[in-house]
Amino acid sequence: MYIEQIKIKGFKKFKNFDIEFKEGINVLIGENEAGKSTILEAIDVALNQKIFNTTNNFEKYFNNDVVNQYKNSPSIDALPKIEIELFISGENALNSEYFNGLHSSSSPIPKSGINFMYKFDENYRELLETMYDGSYDGKFIPTDYYIAEWITFAGRKYIYSKSPIKNVLIDNSIRKNNLFDSYSKRIFNNNFEISDRQNLSYQLRKNIQNFADENTERLTIKEYNLGIDENKTILENLLDLKSNGISIQNKGKGKENLIKTEIALEVESDLILLEEPENHLSYVSTRKLIKDIQNMCDGAQLIITTHNPLIVSRLNLQNTIWISNENYHSLSKVPDETADYFMKTDNMQLLNFILAQKIILVEGNSEYILLPQLVKNSLAYTLEEKYIEILSGGGITYKHYIELSKVINNSLLVITDNDGDQETIESIHELNKNHTNIYVKCSDLVSEFTFEVCLFNKNAANLKTISNTKPGTKAEYREIPMDKNLAYMLKNKTEAALRISEENTFKNIIVLPEYIQEGIEWLVQR
């Protein structure tokens, strides 16, 4: 079995949210506070009966909008509640009388799953009605009169021991109290059959009892005998994970994360939940982790949250789910060729591209270095003020970014060279007819074959001394005669760009070529 979908209402970040998952790998991305961790937490609540299985005050888990609505007009019927529906799929799920039924939001279509509710207990309605008729002002939520319920879609009471999915949750983002104890227990329970666990537990208690029997006299103090506390002889509570004889608690945080993840992948689990596995890992270790995931999670469903572009690209863009504004966007429709391209390249700006709403994609270092300053010089704003991200695509790879942009539907401006080719210019004009969110700009003049030529032609009077730092610069480029200053810029592209962006002689006076300014003005209006 595997998780097909989860619906979340009134829980933390989400007022009303649902998301579907693949049977295999699912990579959740999004800005901080987008709700990625909340999704994993909601799965843990519904499937493993976490958090709400005690009598603590859980007001902090309510969605803020729902709470504010209640406090603005308090009444019993307006009391906040949390509902999580976990839809389970797979052949066994469909045939399960315990999980399959009509007690879900999909009714009258039967589905398999678990419904969790944290809500006001109607048994206390008469008592609360007296409170509301009196001095109660709604400033706090009476969670003392709340109840947590887990019910299967078949209408049966759900208990964790009957979980249909063997699962493990690894949270590498923080270190919690008793993290290692609970993690060791989960690994033990998932990796050993009940009969083996019972036998090992029996052997432990038997040996402890033998120790006590053999040392009765030595453990006697006056009229008392020191015995063994049975609550402290539970095998699960004594387990510790070790690597090469050293507890993972005593290893570095990065190594600890690797070990935990590796062990989780080795365990025969149906579901693995991974929270930011890249935390505290070097580049090399992250690549090793990705390789382990690719090789070892076959047959298990993996739901992973990450801020690492390497993980996103290497685990296939088509497995990526983008969480934004209480919505999700699957990238499953990204073309195979584009997904394959990003899998083969360690593209460290990929996440920036997906998460940004407005992007300028340039080809080389010169444009990347100069554009922020040139925009400031030429227009009455900066790129930051217009929330525009600038990224370097590197040569002809912008075609893959365009395919990605078609799926995520952000606004993309591509600044490219025409390479002195009229057919390139014409093909770019044709491409721009087919998309409303993508605009590719190059110079329409074949003679302006690259960015430096366009920039020089626009600012020739102000760039007439730029070659002075290199006496003897020939007034030619690739054996073609031209202005000495332009030849210098073409032969020393990055050096020239840095000088223009930093030296007072050029910094505040060099402006954008027309085609780039037109493109940026289009992007700003998006």
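Readers should treat all values here as calculations from the given coordinates under stated rules, not as data from a laboratory. Source: prediction; values computed, not measured. FYI the Cβ positions are ideal-geometry reconstructions off the backbone, even for glycines, and counts take in every protein chain you see.
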For the chain, take the longest principal axis of its alpha carbons; what is the angle in degrees between that and the long axis of helix 493-502, to the nearest 10 within 0 to 90? 80
Segment 356-524: relative contact order in percent, alpha carbon pairs under 8 Å with at least 6 residues between: 27
Vicinal HN-Hα couplings computed from phi for segment 7-13 (Karplus, 6.51 cos²θ - 1.76 cosθ + 1.60; Hz; Gly/Pro x): 10, 10, 10, x, 10, 6, 4
Tell me, in nm to one decimal, what length is gained between I480 and Y381 on full extension, where the rule is 0.36 nm per residue of separation less the Cα-Cα distance? 31.8 nm
Cut-off 18 Å, label 7 Å out along Cα→Cβ of E262, residues of segment 271-297 by amide N: 277-297
Which is farthest toward the positive dipole end of segment 356-524 among P471, S427, T416, measuring Cα position about the Cα centre, with Cβ charges +1 (Lys, Arg) and -1 (Asp, Glu)? P471
Inter-part distance where segment 1-73 and segment 100-124 are each reduced to a Cα centre, Å: 16
Using θ = phi - 60° and the Karplus relation 6.51 cos²θ - 1.76 cosθ + 1.60, list the HN-Hα couplings for segment 57-72 in order, rounded to whole Hz, with x at every Gly or Pro. 7, 10, 4, 5, 8, 6, 5, 4, 4, 5, 5, 5, 4, 5, 5, 6
Loop sites in segment 6-77: GluC sites (Glu not before Pro), DSSP, at most 11 other Cβ within 10 Å: E33
J(HN,Hα) series, segment 382-392, from Karplus relation 6.51 cos²θ - 1.76 cosθ + 1.60, nearest Hz, glycine and proline x: 10, 4, 4, 5, 9, 6, 9, 9, 10, 10, 9
Counting other Cβ atoms within 10 Å, keep those with at most 10, restrict to DSSP loop, and tell me which GluC sites (Glu not before Pro) in segment 430-526 are left. E479
Principal axis lengths of segment 356-524 from Cα atoms, whole Å, largest first? 51, 36, 21
Round to a whole angstrom and tell me the spacing of the C-alpha centers of segment 460-526 and segment 406-430. 22
Virtual spin-label span in nm between E33 and N437, 7 Å along Cα→Cβ: 2.4
Cα-based helix-to-principal-axis angle, 194-214 vs the chain, degrees rounded to 10: 60
Can you give the extra length, in nm with one decimal, that the chain gains between N189 and Q209 once fully stretched, where that is 0.36 nm per residue apart less the Cα-Cα distance? 4.8 nm
Sticking with the crude label model, points 7 Å out along Cα→Cβ, report the distance from S285 to E426 in nm, one decimal please. 5.6
Segment K157-K242, extension gain: residue separation times 0.36 nm, minus the distance between their alpha carbons: 26.8 nm
Going 7 Å from the Cα of Y124 toward and past its Cβ, which residues in segment 46-77 have a backbone nitrogen under 15 Å from where you end up? 54-60, 75-77
For the chain: Kirkwood Rh in Å [reciprocal of mean 1/r, alpha carbons]: 28.0
Helix-only [θ] at 222 nm, the chain, -39500 (n - 2.57) per DSSP H run of 4+, per residue, nearest 500, equals -11000 deg cm²/dmol
Once Rh for segment 466-526 is found with the Kirkwood sum over Cα pairs, what is the Stokes-Einstein diffusion coefficient at 10 °C and 1.306 mPa s, in µm²/s? 119
Relative to the longest principal axis of the chain, what angle (0 to 90°, nearest 10) does the C-alpha long axis of helix 514-524 take? 30
N468 and L102 label points (each 7 Å along its Cα→Cβ direction) are spaced in nm at 8.8
